Amino acid sequence: MSANSSTVGQLLLQGSACISWKQDVEGAVYHLANCLLLLGFMGGSGVYGCFYLFGFLSAGYLCCVLWGWFSACGLDIVLWSFLLALVSLLQLAHLVYRLREDTLPEEFDLLYKALYLPLQVPLQTYKEIVHCCEEQVLTLATEQTYAMEGETPINRLSLLLSGRVRVSQDGQFLHYIFPYQFMDSPEWESLQPSEDGVFQVTLTAETSCSYISWPRKSLHLLLTKERYISCLFSALLGYDISEKLYTLNDKLFAKFGLRFDIRLPSLYHVLGPIAADAGPESEKGDEEVCEPSVSPPQATPTSLQQTPPCSPPPAATSLPAPPSRARMSRPDSGILASRIPLQSCSQVISRGQAPLAPTHTPEL
């Protein structure tokens, strides 16, 4: 330990190896090189930070090459500076290649920012989804049909990028499909991968539309292979189908001028197929449930029969007629729930009315 300390002390006490210092400073190229290197090492992180860093380093080391060649006249300075400049330039070229590889077409870039980026989907995963549709953007002209009712097979899944599509059945308008909504999500969920089917609705473009389409077999293969993508599509399709169902319910409510809460079982009692197909007996039974019970008149004693009867009050002479069946056909959910007494629920179920959980989807 003492020997090492003595050696360090001798090196420190020993004078500089330089015999004499240069009186003049280096040229402007040397100082420019150091300024560029200083700016380069102040770069940040990320893609653009790397561009900034390696751009200034490449320029700084090239200036060092020029300084070593023309001013310092040192071969080692020239070689090391040239090697460092070459490495920085190669790193820049690699960044440009990676950035260009990550660039998507404009339509897919907007789709990623609008639909997938809020869900924090990685860009590499999104590229697999885009690659499945072959990065093709298809178009529909105005009044061009995407699918015909009962004719077009269900062999793909499409997502609308721009425009507006009209959905109809038997010539009756159902709802619209807007950008970044699936065009055939109910049809996709209605079939198993091994089943075949046709559209039950007609989809017509009201404006010029653009969309992307995944082939059914290719997309099923991707969903089977990638569990994360399968969960992602399940969430997107479920949300899309629920939006379409709420749109249909709003249209139904607007048609009848009433509003129901679809979470209440009374809605199915009103719109269910049993309530619609019930005959006069069921209507009569419903009226018996809704009307207040009136006790039958009891027999009067003989002693009271001789006395003249009192005239009934005017309010009791004529009972108000029950409201017509047409007005009671679709009451509000709150009124319907309050109109049926608690003790009559067992009677309603015993007569064979619809259960609380619907077993058939009511026709709209």
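Quick one: pull the percent of accessible area on the stretch 26-102 belonging to carbon and sulfur, 1.4 Å probe, ligands and nucleic acids left out.
Carbon and sulfur together cover 75 percent of it.
For the stretch 106-256, what does the accessible surface come to per residue with a 1.4 Å probe? Please give it in Å².
That works out to 54 Å² for each residue.
For the stretch 106-256, what is the number of Lys pairs with C-alpha distance below 20 angstrom, counting only pairs 8 or more positions apart or on separate chains?
5
Rounded to the nearest 10 Å², what accessible area does D109 show when all protein chains are kept and the probe is 1.4 Å?
50 Å²
Of the accessible area of the stretch 106-256, with the probe set at 1.4 angstrom, what percent is carbon plus sulfur?
52 percent
Taking the C-alpha atoms of the stretch 106-256, how large are the radius of gyration and the largest Cα-Cα span, Dmax, in Å?
Here Rg and the maximum Cα pair distance are 15.4, 49 Å.
So which chymotrypsin sites (Phe, Trp or Tyr not before Pro) in the stretch 26-106 pass both tests, a DSSP loop state and at most 16 other Cβ atoms within 10 Å of the Cβ?
Of the chymotrypsin sites (Phe, Trp or Tyr not before Pro), the ones in loops of the stretch 26-106 whose Cβ has at most 16 other Cβ atoms within 10 Å are F41.
Over the stretch 26-102, average the accessible area per residue using a 1.4 Å probe and give it in Å², no decimals.
Ligands and nucleic acids excluded, the figure is 67 Å² per residue.
Starting from the alpha-carbon convex hull of the stretch 40-164, give the projected area averaged over all orientations, in nm².
Taking the Cα atoms of the stretch 40-164, their convex hull projects to 12.2 nm² on average.
For E107 and Q200, what is the calculated FRET efficiency with R₀ set at 35 Å and r taken between the beta-carbons, to the nearest 0.05?
The formula returns an efficiency of 0.75 here.
Work out the length of the dipole vector of the stretch 106-256 about its Cα centre, built from +1 on the beta-carbon of each Lys and Arg and -1 on the beta-carbon of each Asp and Glu, and round it to the nearest 20 debye.
Roughly 300 debye for the stretch 106-256.
The values are calculated or read from the model by the stated rules, or taken from the named source; none is laboratory data. Note that this is a predicted model, so its numbers are computed, not measured. Reconstructed Cβ throughout: ideal geometry from the backbone, glycine too, with neighbour counts over all protein chains shown. Just so you know, the surface numbers come from the protein's heavy atoms only, side chains and all, with ligands and any DNA or RNA stripped out. Shrake-Rupley method; radii C 1.70, N 1.55, O 1.52, S 1.80 Å.
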